[in-house]
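Written out below as structure tokens is the structure these notes cover.
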Amino acid sequence: LKSPRNFQPPPSAPAAAREVRRLAARLRVGRHVGVPAAAPLAADVPMASPHVRQKLKAQSVTDEIVIEVSTPLNTTRADLHWDELRGDEDRHSAVEHSYVDLCDYAYRPLGSVGSSEGVAAAAGEGSPGQFGNASDLSRASTLLTEEREDATPDEYDDAAQSQDESDSRDEVQDWDGVQDVARRFVQGLRLRPHEVGSRNYSRWRGRTLWNQCFYMSMAFAYLGNKASCRRVRGLARRMRRAIEAVVLEKHPSWAQGLAASTSGTGKAMVFADFLPLAMRSDSISMDRNLLAKLVVCIVDSVNGHAEAYVGPGYHQLEDRAEQAKNFLLLWYKPGHYQVVVCDDAAGSKLDCTYDEFKELLIKHDVVFIETTE
């Protein structure tokens, strides 16, 4: 029997491997301009022998598997370090990334969940609980476990008891007698302080973050009572991360103190004085700096005055509704921050711009300090 004229014997394994490499090198046309090289598909090499085509197909499948596996692994690796700025991380890049993340999350429509929040949606929307329910107005304990949907009733009771004990220690400080000026002013406007808690949870495995009342109050003041508990917590985490990234960029030696404050092993290191740095960071453009477009006004219950931190981009907002949304009103008592809301059953968001509120301060002879730089 004679072999057909176009018959070619199958190449040996080394020869097939050499042919695969040769064809792959010829097909990686974008390599010299920095385009990532990819293994050629079998369909791209119609004249290759069946053995070579099969090997190319296997290589293509392998590349797809590597991409499919590495993408979630990289996301998980990033989530593990998301809540803490590592010492070896470039400070400028940390500021830029945290501000972009904050801006994207804040502008996301209520009810949406980002894919980066993970399967469990540990920091996304969808928690059945809501801030500001009528039965929860004076209890921060319900806010301690809303992200733990698997918590048992006993665990909720333990959380409530722990919060009650903390509140009892706070009440030892007799500040009621020295806050009459601020209290009368707030009550006269039909407003009231609203408790949103002082603990948050990390993005990965729900690690407790302590001393977070400042960021929690800011997040609730921005989003309002219609946002879910998870959404408020997610925004509070991003506000904290963005502000602390700027602080560490300017003061790297404060890293240990900030970490100890968050872990609950050291003194609270959360100050409103961080805001001017965060509002005027040189590491991020104005259009991507949400904090630059805010006014955070803090009514001091102890000294009876108000202090406003005005972002450089706030008065560039032309829409009154947007100015009202970006005006955050907080209440300060010794060692703790709360959000100021309307004195109704829902604890609704204050519909007022900073300029309108400043007129009220002047009308009621309340001393206020305005920080613009």
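Where a number appears in this text, it was derived from the coordinates with a stated rule and is not lab data. Note that the coordinates shown come from a computational prediction; the quantities given were computed from them, not determined experimentally. Cβ coordinates were reconstructed from backbone atoms using ideal geometry, including for glycine residues, and neighbour counts include every protein chain displayed.
A few remarks follow.
- When each of the peptides 227-235, 283-291 is scored by the mean number of other C-beta atoms lying within 10 Å of its residues, the order from highest to lowest reads 227-235, 283-291.
- Diffusion coefficient, µm² s⁻¹, Stokes-Einstein with Kirkwood Rh over alpha-carbon pairs of the range 209-361 at 4 °C and 1.567 mPa s: 81 µm²/s
- Environment charge of Lys358, counting only residues whose C-beta is closer than 15 Å and scoring Lys/Arg +1, Asp/Glu -1: -4
- If you take all other residues with their beta carbon under 12 Å from the beta carbon of Val299, and give Lys and Arg +1 and Asp and Glu -1, the sum is +2.
- Each peptide in 309-321, 359-371 receives the mean, over its residues, of other Cβ atoms within 10 Å, and ordering these scores from highest gives 309-321, 359-371.
- Estimated distance in nm for a label pair at Asn303 and Glu322, the labels positioned 7 Å out from Cα along Cα-to-Cβ: 3.3 nm
- Shape call, the range 244-327: gyration tensor on alpha carbons, a/c limit 1.5: oblate
- Each principal axis of the Cα cloud of the range 180-246 was taken in turn, and the coordinate range along them, longest first, works out to 43, 26, 19 Å.
- Gyration tensor (alpha-carbon) shape descriptor, the range 195-293, a/c threshold 1.5: oblate
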